[in-house]
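In what follows, a structure is listed as structure tokens, so that the remarks can point back to it.
Every number here is computed from the coordinates shown, using simple stated rules; none is lab data. These numbers come from a predicted model, not from an experiment. Reconstructed Cβ throughout: ideal geometry from the backbone, glycine too, with neighbour counts over all protein chains shown.
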Amino acid sequence: MKKKIPNFKFLISSILSLLLISSCNTNTILSDKLQKPPPTSRAIISPKNIVIQAPVGFCIDETVSNISAKPTFILFGNCAAISQSNSITQSKVYAVLTATVSKMKSDEIPLESKDLDSYFRSDNGRAILSTNGNPDDIVVLDSFKMDNSYFVLVKNTGQKKSNAISNFSWRAYLKISGHIIAVAIIGFDKKPMKHDESLKIIRHFVNEIRTNNGFDPTAVPIG
């Protein structure tokens, strides 16, 4: 299996630029004089018209997202914090979501393969899951396949660029129109999430992407 799965090496630097706004108490950031257009939780990636739809309460942070880049990178934060308005629906957890859209060839990343779990636990797989490419920094705690999507829970044991970021994160991979969609939920130590809580959200994220691209919703209940 070739080492082509979209990685998260640039993820932390993008998240760090959002920390100031994400860590704000959104009950105190109202400013009637500085109202912004309502943020969106939906991106359409050309030319395949792939739709990346975030769950309720998460909106695109356009200051760090790059929808036109290859690979595409999108960061979703708290809608209320991004818009600086408490009239906007807020996410229920203290976290950000990311999505990366990368072109793939037909002989790469067979998500239907039974060997995918073994691959992600190998040195090459853990290097892809690492933000700095070091497999020794990553411990795979859990992984499973559901609805043709692959989910993996990782712990970062290496040095972090910010102590505010949690050591734990759920990742998910799915295939849409010949592209690999890699998504992640990143929490913060200030208000840590339980693993099942963050898994529920990333499953909602994957389900939103599936249904908005013409696939059936998940067959396994979320909740």
As a Kirkwood estimate from alpha-carbon pairs, segment 125-165 has a hydrodynamic radius in angstrom of 11.1 Å
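For segment 69-206, compute the orientation-averaged projected area of the C-alpha convex hull (one quarter of its surface), in nm².
Working: hull surface 36.8 nm².
Orientation-averaged projected area of the Cα hull: 9.2 nm².
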Pairs over 23 Å Cα to Cα, from 70/175; 70/191; 92/161, come to 70/191; 92/161
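Compute the signed sum of charges (Lys and Arg +1, Asp and Glu -1) over the other residues within less than 15 Å, Cβ to Cβ, of residue 42.
Numbers: positive: 210; negative: 61, 62, 208.
Value of the local net charge: -2.
Let's see if you can work this out: charge +1 on each Lys and Arg Cβ, -1 on each Asp and Glu Cβ, no other charges. What is the dipole magnitude of segment 100-223 about its Cα centre, in debye to the nearest 20? Working shown, then result.
Numbers: 17 positive and 15 negative charges, 78 e Å.
It works out to roughly 380 debye.
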With a Förster distance of 25 angstrom and the Cβ-Cβ distance between residue 94 and residue 211, calculated FRET efficiency to the nearest 0.05 equals 0.45
Placing each pseudo-label 7 Å from Cα in the direction of the beta carbon, residue 132 and residue 191 end up separated by a distance in nanometres of 3.0 nm
